[in-house]
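I have placed the structure first, in the form of structure tokens, so that the comments after it can refer back to it.
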Ligand SMILES: *Cc1c(COP(=O)(O)O)cnc(C)c1O
């Protein structure tokens, strides 16, 4: 099932690129494997996928130990400051930096390990109360504040669009972040080298690509439905 689903997702990515005149090589598919077992991840790996997304530190670390070491693990979920230490040398990219305090913690732990950590700033474009992330209006200042940290490399921006019935409703959200991303690239802030825009999930990745996404995070569309335990989607 995973392999068939992947072929479908990959061909939709190519079609979306064709529609807007982009090279499909500009778009990286991140297979969001949270809650899914190792054998399903291996199926995707055998199909050539090397980028996987997890939203919990413990699960990312467990899978990191267990699975091939040429996998690029992406941390896409809200990160608590007390878990920074465990994840910074395992994730290739942390998509979910949502406060300057969190960045400070990453700087501190990265300095101890003498590594440089690549991050994206998460932006709550639609100002949803239930979501983490900087408000768009405060993101430039956050970029400037975080850019001075020597052990952090800011690579771009990430957003999680609202849950909507019709994915077209999210086009303005993607457009807004994409425009801001280009504005920030043009400002050439010292130590900020933005070339990654992480947006689009199973329901809306084609639209996100049409609006400029370079990283799409697809879970359900590859691995099937996740199950809910209690309040939390797992
Ligand atoms: C779970 C998750 C995804 C994938 O969601 P799907 O709708 O299953 O594709 C993408 N991004 C983040 C941040 C997630 O937590």
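Observations, loosely collected:
- For the stretch 2-233, DSSP calls about 5 percent of its internal beta bridges antiparallel.
- Shape of the stretch 1-99, Cα gyration tensor, a/c cut at 1.5: oblate
- Semi-axes of the equivalent ellipsoid for the stretch 133-234, Cα gyration tensor, largest first, Å: 28, 16, 12
- Panel order for 51, 39, 145, by other beta carbons found within 10 Å of each beta carbon, from fewest to most: 39, 145, 51.
- Linear extension gain, residue 153 paired with residue 20, 0.36 nm per residue minus alpha-carbon span: 44.9 nm
- Rotationally averaged projected area of the stretch 95-163 (alpha carbon convex hull; nm²): 4.4 nm²
- Gain on full stretching of the segment that runs from residue 83 to residue 67 - 0.36 nm per residue minus C-alpha separation: 3.7 nm
- Computed E for residue 59/residue 8 - FRET, C-beta separation, R0 22 angstrom, nearest 0.05: 0.30
- In this simple spin-label approximation, residue 189 and residue 168 carry label points 7 Å from Cα along the Cα→Cβ vector, and these lie 3.5 nm apart.
- Taking label positions 7 Å along the Cα-Cβ direction at both residue 135 and residue 112, the computed distance is 3.4 nm, reported to one decimal.
- Projected onto their three principal axes, the Cα atoms of the chain cover extents of 45, 39, 36 Å, largest first.
Rule-based calculations on the coordinates, nothing more; no lab input. The model shown is predicted, which means the values in this text are computed figures rather than measured ones. Quick reminder, even Gly has a Cβ in these numbers, built from the backbone with ideal geometry, and neighbours come from all protein chains shown.
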